[in-house]
Structure formats: structure tokens, C-alpha cells
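Below is one structure; the comments refer to it alone.
The values are calculated or read from the model by the stated rules, or taken from the named source; none is laboratory data. Note that the structure is a prediction, hence the values are computed from the model and not measured. When we count neighbours, we look across all protein chains shown, and the Cβ atoms used for this are built from the backbone with ideal geometry, even at glycine. The protein model used for the area step is the full one, side chains on, heavy atoms only, and it has no ligands, DNA or RNA in it. Shrake-Rupley method; radii C 1.70, N 1.55, O 1.52, S 1.80 Å.
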Amino acid sequence: MHLDIDLADRRVIVVGTEQTSRRVVARYRAAGAVVDRQDDAARCTQAVLDGAALAVLVGDPSSGAGMLREACGRAGVLLVREAAALEAGTVTLIGGGPGALGLLTLDAAAALREADVVLYDRLAPTEALAELAPAAELVDVGKLPGHHRVPQAGINDLLVRHALAGHHVVRLKGGDPFVFGRGSEELAACLEAGVPCRVIPGVSSAISVPAAAGIPVTHRGVSHLFTVVSGHAPLSDAEHEHLAGLGGTIVVLMGVSTLPQLVAGLGRAGMRADMPVAVVERGYSASQRTTAGTLSSIVTAAGAARCQSPAVLVIGEVVRVGLDLQGGAAQLARLTESLAS
Ligand code: SAH
């Protein structure tokens, strides 16, 4: 059930110990309520309840729960129940998807709602974070390419330190935490320190950003496999040969700066010069843009368009399928012709 009550400047009585109700108290304060916490349901007399908008019982119904229900009934105050905070700290590693709020999972939103601390990245959906995690301290550990704001060891340390202090820590990452996200390293650091860590997968940009541009990563009769590669560092010639030899879709993350090496390598490995290639920048943002070309034209096209990270590259016939579906085939044909002449 979702109750939509304006609690600004309204008194809310929270019944529970300081430890178990700290998250609930923080959440109601964040909603603007004036919170009056009571350790014991028996203390919630008519005088305490009078004029309150809401009473909140935290944790298991104790012996006083029945009494509280009756007192609330008499005072005409709504009574709701909330789960107690976990005693020990935990870490929840969340994949936030490619940036669109709608692509955050329900489990991720539920974990954020219960968070005391959120450590988030640059590509995570951050716009609505204050609303999604109303009780949490928000810490930006995001990395800009080439500018590591908080080094990985420092992030691992922060996760463990906050959890050992008894907090529910959410680590929010872009896309899926196990796809080029170093999520497994953070999981290992938590487990090594004896901190329970749960992983909530996310919608990876590897599939969703091409989809945002209308490009399916597989299409019956066109491509029955896709490979996701990191372009963080140039690939070896053996890797170029393997990729070209597979004959399916190639999706490259972090590949804008190494695009020239990739294109040259795939060409050397025998990939057709007219293989369609798309660069999809800033998927799901207002400035999302697709630059399409072929293996022989894309470096010039991406350079002319000043393509920048973050972008997902898609190499394969599925690019043509996507552009066809959107009536963009003419665009690709024009590009190919102009660069061939
Ligand atoms: N774990 C993430 C990937 C992290 S690597 C995931 O599963 O999506 C970071 C790279 O992801 C970026 O360099 C870019 O290639 C890609 N990326 C993530 N979000 C993107 C977006 N909204 N638009 C375009 N590319 C994106």
C-alpha cells in the first residue's frame, strides 16, 4: 500500500528503540515531519498522540502494540508498521541501469529506500536519488574518464567501514554491477571483511543503449550472437580475429577513444569494409545521439560528429536492421556513398 500524505510540519510519533528506528525516523524527517520518538508503546498516552498525523510502530509487535492500537483509535491517529533496521550493517550492490529512472528495478528502489548511505557513480541514475533514498547520506565516488575521484581501494574501504558501523550501505552503479563495473571486487572486499553483501543486477547499457537507438543486438536470420567487449584498452590482433570470425554483433563499451584501433584491427582480420557501425552516445538522456557509418567510414564520421564517452558502439548487420526499422537506411546509404566516392 502506498499512502500519499503531506507530512510537512506534522507531528509523527515513532515507537521503537533508537537503533531499530533510526532509518524510519530519518525518512519521516526527510518528508518534513516533526518526529517524536518513543521507546515504549505504553508511553503513547492520549496526550502524546493528540494532534499527531501518524503513529509508526517499528519492528515486531511488542506487548504494547495492542495498547497502542487502541490509544491511536481513541485519538483518531493513523497507525502504520515499519520494519526495524538491521542490527548489523550490510552492503547492497545495485545496478542502476543506463540512467533512465524507469529502468531502475523495483528491488533497487526498495533497497535505496532503506539505505543509510549511498555511494554512487557518475553513470548511475542520480537525478532522483534524494527522493529514492530519503534517509541516506549521498556520497559521489564517481569517476570521470582519466580522473579517478575515489580510487577503487578507497571505495572498497568506504563500503566496509560504513557497514561495520552498522549502516545499510547501498553501492549504486551504472548499468549492471558485474558488467565492467568492478562489482565483483567490491563484493569480494565485503565478504573478506565479513560484511554481508547482496547484489541486485541492473539493466546493462550493453543491451539497453543500442535499444534506445532502435538497434536490436540480435535479429533472427541476421545475428544470433552478440559479444560485449571493453574498449578501455586496445585489443590484440588475436582478439580482433576472434571477434571478426564470430560473425555476430559486437558491442563495445568504453570504446570511443580506441575506435580507430578497433576498426583497423577488425579490417586487418578480414571484416567487410561496408559492415555497419553505430556509435550511440548518452543513451536515455535528452542529448542521446546516434552516429552511423560503416567500418571504413565510422572513424571519420565519429570524428566529424565529435563523438564522446559515454557511448556504446555496435558493429554488425543489426545496425542496418535498426536503421531500417526507423527508416534510417537512407542515412546509412548516403554516408556509405559519400565516403566511398
Ligand atoms: N556496468 C555498466 C558499464 C560500465 S563501463 C553497464 O552494465 O552498463 C562504462 C561504459 O558503459 C561507458 O563508457 C559506456 O560505454 C557505457 N554506458 C553506460 N551508460 C551509458 C549510457 N547511458 N549511454 C551510453 N553509454 C553508456
Selection from VAL80, ALA33, GLY51 lying farthest towards where the dipole of segment 22-85 points positive, charges on Cβ: ALA33
Residues listed by number, segment 113-143, amide nitrogen under 19 Å from ALA8 label point at 7 Å toward C-beta: 130-132, 134-135
Charged-residue dipole, Cβ positions (Lys, Arg, Asp, Glu), segment 1-98 about Cα centre, Debye nearest 20: 80
Taking the C-alpha atoms of segment 130-228, convex hull volume expressed per residue in Å³: 143
Under-5 Å amide H pairs with HIS219, H placed in peptide plane, nonlocal only: none
For LEU57, distant residues with modelled amide H under 5 Å away: VAL15, VAL80, ARG81, GLU82
Partnerless Cys - the chain, beta-carbon criterion under 4.7 Å: CYS44, CYS72, CYS307
Convex hull projection area averaged over all views, the chain, Cα basis, nm²: 20.8
Options ALA130, ALA100, PHE178, ranked by Cα towards positive dipole end of segment 90-203, top entry (Cβ charges): PHE178
For segment 78-198: rounded, prolate or oblate by the Cα gyration tensor [a/c cutoff 1.5]: oblate
Given charges at beta-carbon only (K, R positive; D, E negative), |dipole| of the chain in Debye: 460
Listed residue (CYS307, THR249, SER236) projecting farthest to the positive dipole end of segment 206-340, Cβ model: CYS307
Computed [θ] at 222 nm, deg cm²/dmol, the chain (DSSP H ≥ 4; -39,500 (n - 2.57); rounded to nearest 500): -10000 deg cm²/dmol
Heavy-atom SASA rank of ASP116, ASP237 (probe 1.4 Å, accessible area, largest first): ASP237, ASP116
